[in-house]
Amino acid sequence: MENKSMTLTLVSRNAKTGMIPVSISAEKTCPMSCPLKGKGCYAEMGPLAIHWRRLSKGTGPSAVSFSQFCVAISKLPEGQIWRHNEAGDLQSDDAINISQKSLRKLVLANKGKAGFTYTHYSPTTGSNGDLVRRANKNGFTVNLSADNERAADEYMKLGVGPVVMVCKSDQNTNYVTKGGNRVVICPNVTKGVQCKDCKLCQRANRSVVIGFPAHGSRKNTVNAALEASK
């Protein structure tokens, strides 16, 4: 029997996403290499952290298995935009490699819908890059999460999928990286536009990097890490 490690909220109350379906995956889905673990991950703090911890311990009241989750996604209305993993990451058997079987299943469930997500799994490890590329070509948008400008430039060169990056907390204007890539600060930060209307993160073929300024109680930790990475 599959573990119940997923939740799907059909109408989110998240002020950033707007009233769209939003999912959460258990903490075990996060790659071991993620530098934000315990060092600034927004999902580890605040109200979201409470739900995430309960789900990760297998005590979430609305938890479902991954298979059940995919069935629910397949039943979403045609063209429905939805965000996968408000917390958590793509399915993996070893926290290093993305599960090909699970991602394929999710991509099929998303057919005709407009799902998008972000991943910290390294696109240069194993088949991760190829799996991300295929998902993006088949309608499920997987954004590569870069932890600094240098990584964002490297990911853009790979061409396997759209790229997002974390920025310093006071970065609120668009700019160009040293590698020549244009960074557009998340429109929710600059204009108050919700994901349900913006849809920029869902555009797999976009040419710009989306920047997310560090926020929350650990923003100073993230700012220091970004400064050190220069």
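Provide a single number: the residues in region 124-163 that are among the β-branched types (Val, Ile, Thr) and not in a strand (DSSP E or B).
Here the count works out to 4.
Within region 75-101, can you find the residues that are of a type in the set (Asp, Glu), open to solvent by 40 Å² or more (accessible area, probe 1.4 Å) and in contact (Cβ under 8 Å) with a residue 24 or more places away in the chain?
If the condition is that a residue be of a type in the set (Asp, Glu), open to solvent by 40 Å² or more (accessible area, probe 1.4 Å) and in contact (Cβ under 8 Å) with a residue 24 or more places away in the chain, then Glu78 is the only one that fits.
How many residues, within region 178-225, are in a loop (DSSP other than H, G, I, E, B), touching a Gly at 6+ places or on another chain (Cβ under 8 Å) and modelled with pLDDT of 95 or more?
Residues in region 178-225 being in a loop (DSSP other than H, G, I, E, B), touching a Gly at 6+ places or on another chain (Cβ under 8 Å) and modelled with pLDDT of 95 or more: 3 in total.
Those residues that are on the phi < 0 side of the Ramachandran plot and either open to solvent by less than 20 Å² (accessible area, probe 1.4 Å) or touching a helix residue (DSSP H, G or I) at 6+ places or on another chain (Cβ under 8 Å) (or both), I need them from region 38-52; list them, please.
Once the filter is applied, which keeps residues that are on the phi < 0 side of the Ramachandran plot and either open to solvent by less than 20 Å² (accessible area, probe 1.4 Å) or touching a helix residue (DSSP H, G or I) at 6+ places or on another chain (Cβ under 8 Å) (or both), region 38-52 yields Lys39, Tyr42, Ala43, Glu44, Leu48, Ala49, Trp52.
Quick check on Arg104: is it open to solvent by 40 Å² or more (accessible area, probe 1.4 Å), within 16 Å of the chain's Cα centre (by Cα) and modelled with pLDDT of 95 or more?
no
For region 107-121, what are the residues that are open to solvent by 10 Å² or more (accessible area, probe 1.4 Å) and closer than 23 Å to Val176 by Cα?
Of everything in region 107-121, those that are open to solvent by 10 Å² or more (accessible area, probe 1.4 Å) and closer than 23 Å to Val176 by Cα turn out to be Tyr118, His120.
Take the residues in region 130-164 that are among the charged types (D, E, K, R) and within 16 Å of the chain's Cα centre (by Cα), then tell me which one is least open to solvent (accessible area, probe 1.4 Å).
Asp147
The values are calculated or read from the model by the stated rules, or taken from the named source; none is laboratory data. Quantities reported herein were computed from a predicted structural model and do not represent experimental measurements. All Cβ positions, glycine included, derive from the backbone under ideal geometry; neighbour counts span all protein chains shown. SASA here: full protein model, heavy atoms, side chains in, ligands and nucleic acids out. Shrake-Rupley method; radii C 1.70, N 1.55, O 1.52, S 1.80 Å.
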